[in-house]
Amino acid sequence: MRRKLVAGNWKMHGSLEANQQLLGALVEGLRGYDAADVAVCVPAPYLAQTRSMLSGSNVAWGAQNVSKHASGAYTGEISASMLLDFDCRYVLIGHSERRALYGESDHAAAAKFVAASQAGLVPVVCVGETLSERETGVTEAVIARQIEAVLSLAGVAAFSNAVIAYEPVWAIGTGRTATPEQAQQVHAFIRGLIRQHDAAVAEGLVILYGGSVKAANAASLFGQPDIDGGLVGGASLVADEFVAICKAVKS
Ligand code: PGA
């Protein structure tokens, strides 16, 4: 049985003061909660604060990006071992904003996945089609291309300790959520892709849905057989809303 995961993606939001309130409220609101794993992926400067506030709680933490390099002259980059210094468990890889705004290719995302995975972080690799790709009927082809790039560099075994997040680009930050059926269809497709390489890895793989997840739609999404939780952007910045999304997972 796969254990569900709800991960918050704060993106470039937060301040020491705001985080203190939010993290404090998550610790309180999720105390004793055990139906799913919970994590927040915070901006890197706040990892020390996050670690200090979440240590000993049942909320894990992670980062939103990582360098493919271990160390060296790469100004502005952050390595996997630096994230581990702050006890990160997860790191987002290839979020659509990284792909669209910073030109991250499928190959670049794959290289980051390998760096994270080899260091012992759990990579959360994000895939998803744009609206025009959906409308032209190439959703599955796009997702297959994004995932095959990682598979060919990392190998299927690396997916036994990784997460895939399906995030249709048209649903991110738009308030327009994929229907549970639309999402389920793509999740099943993703699991099928991995199954072609390794059935056991596919069965154990946690596949998150992301894109305008809210307390109001979380239960119906998470109730689908191949949706193993959510990657939550905007709603993860509101403590009550995020806690309610976590609690939409049925124990
Ligand atoms: P959203 O973002 O929940 O605000 O749509 C999701 C994401 O980008 O991970």
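Values quoted throughout were computed directly from the atomic coordinates according to the rules given, and no laboratory measurement underlies them. Just so it is clear, the model here is predicted, and its values are computed rather than measured. With ideal geometry, Cβ positions are generated from the backbone for all residues, glycine too; neighbour counts draw on all protein chains shown.
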Spatially near lysine pairs across the chain, Cα under 20 Å, sequence gap of 8 or more or different chains: 9
Selection from Y46, S57, L22 lying farthest towards where the dipole of the stretch 4-61 points positive, charges on Cβ: Y46
Exposure proxy ranking, count of Cβ atoms within 10 Å, fewest first, for T177, T50: T177, T50
Part-to-part distance (alpha-carbon centres) for the stretch 14-63 and the stretch 164-180, which is given in Å: 24 Å
Karplus 3J(HN,Hα) series, Hz, for the stretch 233-239 with 6.51 cos²θ - 1.76 cosθ + 1.60 (x for Gly, Pro): x, x, 6, 7, 8, 10, 3
Dipole of the chain [Lys/Arg +1, Asp/Glu -1 at C-beta], most positive-end residue of A141, G173, L84: L84
Peptide ranges 70-78, 38-46 listed from the most packed, as the mean C-beta count within 10 angstrom indicates: 38-46, 70-78
For the stretch 127-149 versus the stretch 197-222, the gap between their alpha-carbon centres in whole angstrom: 17 Å
The chain: proportion of alpha-carbon pairs further apart than 23 angstrom, %: 46 percent
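Work out the length of the dipole vector of the stretch 102-251 about its Cα centre, built from +1 on the beta-carbon of each Lys and Arg and -1 on the beta-carbon of each Asp and Glu, and round it to the nearest 20 debye.
In total the dipole reaches around 240 debye.
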For the stretch 88-93, 3J(HN,Hα) per residue [Karplus equation, 6.51 cos²θ - 1.76 cosθ + 1.60, θ = phi - 60°, Hz, x = Gly/Pro]: 4, 9, 10, 9, 6, 10
Ellipticity estimate at 222 nm from DSSP helix runs (n ≥ 4, -39,500 (n - 2.57)) divided over the chain, nearest 500: -12500 deg cm²/dmol
Summed side-chain charge close to D37 - residues other than D37 whose Cβ falls under 14 Å, Lys, Arg +1, Asp, Glu -1: +3
